[in-house]
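Participant: This is the structure I have questions about; it appears just below.
The values are calculated or read from the model by the stated rules, or taken from the named source; none is laboratory data. Since this is a predicted model, take the numbers as computed values, not measurements. Cβ coordinates were reconstructed from backbone atoms using ideal geometry, including for glycine residues, and neighbour counts include every protein chain displayed.
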Amino acid sequence: MEIRRFRVEDASALFQVFLSSIHDIASRDYTAAQVEAWAQADRAPEVWASRMRELQPFVAEAKGKIIGYADIQPNGYIDHFFVSGAQSRQGVGTLLMSRIHDEARLLGISQLTADVSTSAEPFFLHHGFQVVERRFPIRRGVMLQNSLMRKDLHRKP
Ligand SMILES: CC(C)(COP(=O)(O)OP(=O)(O)OC[C@H]1O[C@@H](n2cnc3c(N)ncnc32)[C@H](O)[C@@H]1OP(=O)(O)O)[C@@H](O)C(=O)NCCC(=O)NCCS
């Protein structure tokens, strides 16, 4: 498996990872209405592609297939973190997280933050993040509970 930087032609494959991740993994912790509001399967491709160009995520690829992606922004915020349903619990997320930590070190970032889904919270806890605040944002008229999580990088995990 390879972790590499985003290329513009990855955008539609990343959308499939995003959908699979929400429908196959996060759906265990969110209702059908919440999954629908979150995944927004009808999202316009050009809007999605432009968002991915902004985020510039790292991409996990195995045998030519993209199976996960995650970003880190210059302020240490992780906006997207998704692994395909079929590849869950095989260490893909951990490789992406390790690459994010490498990048944070390179950029001199001292703190990572993310608005983390209920489904991903155990994974972020496993990687040394702590819950700062439980949140209840509304997306497309539906409440999607998540948690602001943070990790200070100057402390050992
Ligand atoms: C969260 C996510 C990215 C984790 O990716 P992954 O490739 O499955 O993670 P890993 O295999 O590297 O897991 C590493 C460790 O994290 C913990 N972990 C991961 N998923 C977990 C879960 N659902 N429940 C409990 N612990 C979990 C475990 O300790 C795991 O080690 P183990 O499998 O040896 O027990 C993935 O499950 C996902 O995409 N979830 C749905 C989408 C989502 O909510 N994204 C986050 C938006 S903020």
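Participant: Counting only residues that are within 12 Å of the ligand (Cβ to nearest atom) and of a type outside the set (Gly, Ala, Ser), which one in segment 58-75 is farthest from residue 18 (Cα to Cα)?
Facilitator: Out of the qualifying residues, it is 71.
Participant: Name the pairs whose Cβ atoms lie under 9 Å apart, with the first residue in segment 1-24 and within 15 Å of residue 84 (Cα to Cα), the second assigned to a helix (DSSP H, G or I) and hydroxyl-bearing (Ser, Thr, Tyr), and 6 or more positions between them or separate chains?
Facilitator: 3/98; 11/50
Participant: For residues in segment 76-94 being over 12 Å from residue 113 (Cα atoms) and more than 7 Å from the ligand (Cβ to nearest atom), which is surrounded by the most Cβ atoms within 10 Å (Cβ to Cβ)?
Facilitator: Out of the qualifying residues, it is 84.
Participant: Can you tell which of 30, 69 is surrounded by 16 or more Cβ atoms within 10 Å (Cβ to Cβ), among the aromatic types (Phe, Trp, Tyr), part of a loop (DSSP other than H, G, I, E, B) and touching a residue at least 24 places away in the same chain (Cβ under 8 Å)?
Facilitator: 30
Participant: OK, next. I'm trying to understand the selection: among the residues of segment 52-81, which are touching a helix residue (DSSP H, G or I) at 6+ places or on another chain (Cβ under 8 Å) and within 16 Å of residue 149 (Cβ to Cβ)?
Facilitator: 70, 71, 72, 73, 76, 78, 79, 80, 81
Participant: Turning to a different aspect of this structure: I'd like to verify a number: residues in segment 124-147 that are buried (at least 16 other Cβ atoms within 10 Å of the Cβ) and either acidic (Asp, Glu) or in contact (Cβ under 8 Å) with a residue 40 or more places away in the chain (or both), how many?
Facilitator: Count: 1.
Participant: Further question on the same structure: Given the options 144, 55, 95, 112, name the one that is touching a Gly at 6+ places or on another chain (Cβ under 6 Å), hydrophobic (A, V, I, L, M, F, W, C) and at pLDDT 95 or above.
Facilitator: 112
Participant: Within segment 95-104, which residues are over 12 Å from the mean Cα position of the chain (by Cα), away from the ligand (no atom under 11 Å from the Cβ) and not basic (Lys, Arg)?
Facilitator: Passing the criteria: 101, 102, 103, 104.
Conditions (1) part of a strand (DSSP E or B); (2) in contact (Cβ under 8 Å) with a residue 24 or more places away in the chain; (3) surrounded by fewer than 16 Cβ atoms within 10 Å (Cβ to Cβ), marked per residue:
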site: 42; (1), (2), (3): no, no, yes
site: 59; (1), (2), (3): yes, yes, no
site: 101; (1), (2), (3): no, yes, no
site: 112; (1), (2), (3): yes, yes, no
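Participant: Right, something else. Kindly check whether there is at least one residue in segment 17-25 that is within 10 Å of the ligand (Cβ to nearest atom), modelled with pLDDT of 95 or more and surrounded by fewer than 18 Cβ atoms within 10 Å (Cβ to Cβ).
Facilitator: Yes, segment 17-25 has at least one match.
Participant: Still on this structure, I have one more. Just to be sure, is residue 106 closer than 30 Å to residue 154 by Cβ, surrounded by 18 or more Cβ atoms within 10 Å (Cβ to Cβ) and at pLDDT 95 or above?
Facilitator: no
Participant: Separate question: Conditions first: (1) within 17 Å of residue 24 (Cβ to Cβ); (2) more than 16 Å from the chain's Cα centre (by Cα); (3) part of a loop (DSSP other than H, G, I, E, B). Residue 89 passes all but one, so which condition is the exception?
Facilitator: (2)
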